[in-house]
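Computed from the coordinates by the stated procedures, all read-outs in this text should not be read as laboratory data. Remember, it's a predicted structure, so these values are computed and weren't measured experimentally. Because the Cβ atoms are built from the backbone with ideal geometry, glycine has one as well, and the counts that use them run over all protein chains shown.
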């Protein structure tokens, strides 16, 4: 299930360099991004779906919707696992 959150449902030919994503803030202070979407409406639906998923378990990250560049999203997915930088979106 968790890998589904990182599946990209965005245009193959990006019209913009930013997208909407769900940010998950963990109690240890690190964060990650999932559910990239091109439009805010579909991103809000994903936020509701992710919130529903995490509400049933003992681990409950803080969830919010953010605008993030495609580059930063890809960077977090590969090289910035466990990122605690305060300047991330």
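General observations
- The slack in the chain from residue 84 to residue 39, taken as 0.36 nm per residue of separation less the alpha-carbon distance, amounts to 13.6 nm.
- Summarised as an ellipsoid, region 30-89 has semi-axes of 20, 16, 9 Å, derived from the eigenvalues of the Cα gyration tensor scaled by 5 and square-rooted, with the largest first.
- Each label was represented as a point 7 Å from its Cα along the Cα-to-Cβ direction; for residue 25 and residue 65 these points are 1.8 nm apart.
- Rough spin-label spacing in nm, given labels placed 7 Å along Cα→Cβ, for residue 53 and residue 17: 2.9
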